[in-house]
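Engineer: My structure is below; once you've seen it, I'll send some questions.
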Amino acid sequence: MKMNSKLEFGHQKFVMDCAKANIGAMGSYKMMKTVAGSYSSIGCSHMQVKNFSRDLKAYDFYADAQMVINKLHKKRELCSGFYFEVEVDENDHLKSLFWADPIARRNFCAFGDVVSFDATYSTNKYNMIFAPFTAKDNHGKCITLAAALMTGESIESYAWVFEAFKKCMLHEPDVLITDQDPAIKVAFKRVFQHTRHRLYMWHIMSKITEKVPVILKKDPDFMKQFCSLVWSVNVEPDVFEESWFISMYNIREMWIPAYSRDLKMGGLFRTTSPSESENSFFRMHMSAHSNLLQFFMYFENALDSQRHDQAKLNNQDLSCRPDFKTMLPFEKHATMDCLYEVDDCVNGISTVKYDKVDLKYESIPQRYIVSRWTKQALLSTGQLISDDVLQSCAAIEENRFTLYDIVFEFYSCLSMADGDLDRSSSLLQAIRDVKCSFKSDGDVDNNLNGKKRLFEEYYQSSLPEQVIIKSPEPVKTKGSGSRLKSDREKNVEKMSKPTRKCRSCGEKGHHDSRNCPGKKKI
């Protein structure tokens, strides 16, 4: 059986489609078994699938950076609204890369008042730091405004990214929220003149239990009282200053809500870090072993998923009629034109003396409406994509939808033929007839047997004749390497391990007879 096995074009295409969804070689092989019904019916071995997957990753091992830059140049030629900048080191290795497509730039025009920025790791085989810019749309969902790849976390690296972001978006955001990285703080002051810098409370509050004395850790009321003090926007700054740690006193205005009453934070400041959520979202779509071309493929897939959810919510707002609580014109205007939901509330008024005034309000006054939270938030931002580009994209989408229809119709016929030998034989013969007609049209066999054409189709890019920008050297990041773990991290890791029975004391726990706490020390 192994001697007759061969990795046919259908197998190769299946493995490449699985790779686009970040499914590895063994996952692809198991899916083949599910489709074929048994391992003996697949027609190839798992080692052949692994070898093909290896060749797919190694196809551009020396030129993936140049191929990515060529791909970005083609995007900008197709659409002038696509923006990117690249930086190389003295040896022509890729150092930093920043990019944003027209849809992301349009989203910044509508929702870029408060922007979140954070770096994440393990997204590519070079360990380049991936740093997306995140905001919240009018649904309160995270959206990606731009992204960058860096080979370092120095002040110069962050300053370069911030400069590229400012050039791309043409103006600065009102607020930029980051973590407590000292390099980011210095780079921010160097680049932004009109933006307010704020820190995530989630990052700071998660470290409270590590910083306080042991006696406070054991106090059950401490965290409750501390959180009520920190999260209160009504407390005066001078009152809070009496209860804070000395080490955080000098940057209190950067993370305490009491100091940011004048800022419209859009929910980014008070909630769990949106960048943590965004980084987790991207890591689900990416792999630490991918080259740069695969990284961009996974990034675009993740972006498509994010924008599909956004389009689905926009469609619901336009097509669904809200459930009105009253018949007041005021509520109809609030739900149909401005907002998405009108919360249940209890209105009351307490007066000593009043005059009756008939105001007859039927809509919310325009001065009280913040356009970035309305249903028409994107309409006022203009169009960064020309009609010619939209038509060319529509032609590409039409061809893609045709392929999807073919797959759908095939599986529909397959399900109708399941269990019926005559139907199955007829379907198989029809497919073979179509295959023979395709072969008779030209040198299809030669193309199918060439891995080069398959790989170029997978990466949507061909090998460059000249490599100007070399692939980056492996990066040593701040978050890698060994470090001293806190007591909290040690306890969390310890509690996550399964318990076992100690032969000395007979109790279950995270110890054995060698380090039993009940064992007498000599």
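Engineer: Quick one: VAL15, VAL492, fewest Cβ neighbours within 10 Å first, how do they rank?
Structural biologist: VAL492, VAL15
Engineer: Fewest to most neighbouring Cβ within 10 Å: what's the order for ASP441, ASP512?
Structural biologist: Ascending Cβ contact count within 10 Å gives the list ASP441, ASP512.
Engineer: Follow-up. Given +1 on the Cβ of Lys and Arg, -1 on the Cβ of Asp and Glu, and no further charges, what dipole in debye does the range 92-170 carry about its Cα centre, rounded to the nearest 20?
Structural biologist: The calculation lands at about 220 debye.
Engineer: If you don't mind, there's one more thing I want to ask. What shape does the range 70-135 take by its C-alpha gyration tensor, where a ≥ b ≥ c are the square roots of the eigenvalues and a/c under 1.5 counts as rounded, a/b above b/c as prolate, and the rest as oblate?
Structural biologist: oblate
Engineer: Next up: Cβ under 11 Å from LYS451's Cβ, LYS451 left aside: what net charge do those residues give with Lys, Arg +1 and Asp, Glu -1?
Structural biologist: -1
Engineer: Past 24 Å, Cα to Cα: identify those pairs from LYS71/LYS136; LYS6/LYS435; LYS95/LYS490; LYS75/LYS136; LYS71/LYS125, in the order given.
Structural biologist: Correct reply: LYS71/LYS136; LYS95/LYS490; LYS75/LYS136.
Engineer: While we're on this one: Using the number of other C-beta atoms within 10 angstrom as an exposure proxy, rank ILE103, ILE184 with the fewest first.
Structural biologist: ILE103, ILE184
Engineer: Report ³J(HN,Hα) in whole Hz for each residue of the range 281-292, in order, from the Karplus equation J = 6.51 cos²θ - 1.76 cosθ + 1.60 where θ = phi - 60°; Gly and Pro get x.
Structural biologist: In residue order, the calculated couplings are 4, 5, 5, 5, 9, 10, 9, 6, 9, 7, 7, 5 Hz.
The numbers here are math on the coordinates, done by the rules we state, and not lab data. The structure presented is a predicted model; accordingly, all values stated were derived computationally and were not measured. Heads up, the Cβs are rebuilt from the backbone with ideal geometry, glycines too, and the neighbour counts pull from every protein chain shown.
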